[in-house]
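Everything on this sheet refers to the single structure shown next.
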Amino acid sequence: MDLENLGLELKKLRREKKWSQDTLEKYSGITKRTISKIENGFIEEVGIKKVAVLLDLLGVELSLRPKGRPKTLEELQDDQ
């Protein structure tokens, strides 16, 4: 997953929680401007600590899998 797709996923999760970027800024300590840049793919790199904070607040976790491995049934169901 590249940063653009990560940002889109973060935006989707935030909206599912019905949180504004202001709310996420309040709880994460990450500026609204940075959150916007991440969500909209306008940031070239972002620290893993910031990503971890956002993912935790949004109730998801980062996991690793071998590159190019087909998605599992669970991953395909989660995509829907």
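Among the conditions (1) in contact (Cβ under 8 Å) with a residue 24 or more places away in the chain; (2) out of contact with any Ser or Thr (no Cβ under 8 Å at 6 or more places or on another chain), the only one that Ile43 does not satisfy is (2). Taking the stretch 35-80 as the range and being of a type outside the set (S, T, N, Q), outside any helix (DSSP H, G or I) and under 18 Å from Lys18 (Cα atoms) as the test, the residues that pass are Leu58, Gly59, Val60. Starting from the stretch 12-26, take each residue that is within 10 Å of Leu58 (Cβ to Cβ) and list its partners that are of a type in the set (Val, Ile, Thr), counting only C-beta distances under 9 angstrom and pairs at least six apart or across chains. Close Cβ pairs satisfying both conditions: Leu13/Val60; Arg14/Thr23; Arg14/Ile35; Lys17/Thr23; Leu24/Ile30; Leu24/Ile35.
For every residue, the table says whether it meets (1) touching a Gly at 6+ places or on another chain (Cβ under 7 Å); (2) surrounded by 12 or more Cβ atoms within 10 Å (Cβ to Cβ); (3) not hydrophobic (A, V, I, L, M, F, W, C).
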{"residue": "Leu13", "(1), (2), (3)": "no, yes, no"}
{"residue": "Asp22", "(1), (2), (3)": "no, no, yes"}
{"residue": "Val46", "(1), (2), (3)": "no, yes, no"}
{"residue": "Asp56", "(1), (2), (3)": "no, yes, yes"}
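Tell me whether the stretch 58-76 contains one or more residues that are in contact with a helix residue (DSSP H, G or I) (Cβ under 8 Å, 6 or more places away or on another chain) and surrounded by 15 or more Cβ atoms within 10 Å (Cβ to Cβ). For the stretch 58-76, residues in contact with a helix residue (DSSP H, G or I) (Cβ under 8 Å, 6 or more places away or on another chain) and surrounded by 15 or more Cβ atoms within 10 Å (Cβ to Cβ): present.
None of the figures in this text is laboratory data; all of them are computed from the coordinates on show. Note that the structure is a prediction, hence the values are computed from the model and not measured. Positions of Cβ are backbone-derived with ideal geometry, glycine not excepted, and every protein chain shown enters the neighbour counts.
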